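A.B. asks: Following this message is one structure expressed as structure tokens.
Just so it is clear, none of the values below were taken in a lab; they were calculated from the coordinates. Treat the numbers as computed from the prediction; the structure is a model and nothing was measured. Counting neighbours? That spans all protein chains shown, and the Cβs are built from the backbone with ideal geometry, glycine included.
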Amino acid sequence: MQTKPILIVGSMAFDDLEFPVPVRVADGSTQTAFKDVVGGSATYSALAASAFAPVRIVAVVGADFPEPMLEVLRDRGIDTAGIERTEGLTFRWKGRYHTDLVHRDTLDTQLNVFANFRPRLAAGYGDSPLVLLGNIHPELQLEVLEQTKNPELVVVDTMNFWITGEAKTLAKLLKRTDLLIINDEEARLLSGIHNLARAAKDILSRGPKGLIIKLGEHGSLYFDAEGIFAAPALLLEHVVDPTGAGDSFAGGLLGYLAERGTYDHGDLRRAILRGTAAASFCVEAVGTLGLEALSREQVAQRVERIRHLTYVGEK
Ligand code: AMP
């Protein structure tokens with residue numbers, strides 16, 4: 001069975017990041033603030049997914065986006081023909097992490113070239129069997145979906161910014177979603193319910209066939225008609241930059257599903273472990289560095305470590 005291609009839409013960005021503790025950089029010095037780090041939901045997801053499967057990106061960048069980064073993507077077999085370069089500035093996001101390196105405050109979001117972006121799928125992209133509608137304006141996620149032809153699996157990622165600001169459009173999108181991936185805070189915000197079991201039930205009643213609730217360093221929960229699955233996260237000794245962990249999780253997960261070509265409850269469980277492993281590589285370095293050379297084998301090794309965390313043996 002041949003690995004299927006994945007279509008990914010999302011942001012490509014410059015991120016300004018502030019950390020609670022100094023981070024050692026290449027020249028041996030330390031820094032707590034980093035400017036103009038290349039990020040974005042599509043960038044992180046595509047890098048992670050490309051360890052498993054061919055990826056096609058739909059996004060927009062400004063004249064200021066570095067060509068060498070597009071080269072890094074292409075070197076990993078990612079099709080960048082769908083990345084539009086237009087006049088103006090690339091999307092910008094600025095975040096400050098709390099001391100727990102989990103919670104963060106968004107200090108600034110500048111849509112820039114995304115403000116007038118109308119995605120048009122490059123030739124052949126519409127047939128992609130797997131579609132990841134990464135975190136970006138839900139109107140753009142819908143526009144991409146409308147240009148696809150009966151995808152086998154539609155996965156949606158979103159965040160508080162859109163849940164509060166674009167509730168109606170998001171509701172429309174959820175009706176056409178196979179799998180929604182959000183974190184615990186977002187699940188509570190979206191459902192208006194604090195209890196996660198009831199929040200999940202409520203969200204599944206709005207359209208998605210499956211729901212993943214990410215719990216940061218505590219792992220994730222997967223809900224569908226067949227029940228609940230809980231996956232721990234890897235307990236890492238060196239967490240540097242959690243930016244993009246959620247996107248890498250989605251990318252690793254979709255990459256595995258694209259390779260298998262089937263999407264039942266068991267496939268999803270195994271895919272979640274790949275997503276968890278991909279995210280663990282992401283957080284070990286600033287920006288996308290931890291993902292740029294990520295291989296399928298490295299992911300597989302970490303999946304074994306995750307399996308051991310909950311292995312109880314026979315009795
Ligand atoms: P994550 O840590 O997985 O939530 O992803 C962080 C990435 O999402 C950063 O690289 C940001 O550039 C990007 N990002 C932050 N806010 C938004 C937004 N409102 N829309 C799209 N992408 C965003």
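A.B. asks: So which of 168/214; 35/168; 94/214 end up more than 32 Å apart by C-alpha?
C.D. replies: The answer is 35/168.
A.B. asks: Something else now. Which value in deg cm²/dmol, rounded to the nearest 500, describes the helix-derived mean residue ellipticity at 222 nm for the chain, given -39,500 (n - 2.57) per DSSP H run of n ≥ 4 and division by the residue count?
C.D. replies: After summing the helix terms and dividing by residue count, I get -10000 deg cm²/dmol.
A.B. asks: Using the Cβ atoms and a cut-off under 12 Å, what net charge is assigned to the surroundings of residue 157, where Lys and Arg are +1 and Asp and Glu are -1?
C.D. replies: -1
A.B. asks: On to the next question. Can you put 292, 297, 314, 186 in order of Cβ neighbours within 10 angstrom, beginning with the fewest?
C.D. replies: 314, 297, 292, 186
A.B. asks: Here's another thing I want to ask about it. Over the chain, what is the percentage of antiparallel beta bridges among all DSSP beta bridges, to the nearest 5?
C.D. replies: The antiparallel fraction comes to roughly 45 percent.
A.B. asks: Let me ask something else. Can you tell me the Rg and Dmax of the range 6-308, counting just the alpha carbons, in angstroms?
C.D. replies: Cα radius of gyration and Dmax of the range 6-308 are 17.7, 52 Å respectively.
A.B. asks: Same structure again: Under the 0.36 nm per residue contour assumption, what length would be gained going from the current alpha-carbon distance of residue 206 and residue 149 to full extension?
C.D. replies: Full-extension gain reported as 18.3 nm.
A.B. asks: Right, next: How much net charge surrounds residue 190 when only other residues with a Cβ under 15 Å from its Cβ are counted (Lys, Arg +1; Asp, Glu -1)?
C.D. replies: +2
A.B. asks: Determine, from the Cβ-Cβ distance of residue 298 and residue 270 and an R0 of 25 Å, the FRET efficiency 1/(1 + (r/R0)^6), rounded to the nearest 0.05.
C.D. replies: Once rounded, the FRET efficiency stands at 0.90.
A.B. asks: Right, here's the next one. Kyte-Doolittle cut-off -1.0, length cut-off 24 Å along the helix's own axis using Cα: show which whole DSSP H helices in the chain pass.
C.D. replies: Length and hydropathy pass: 265-282.
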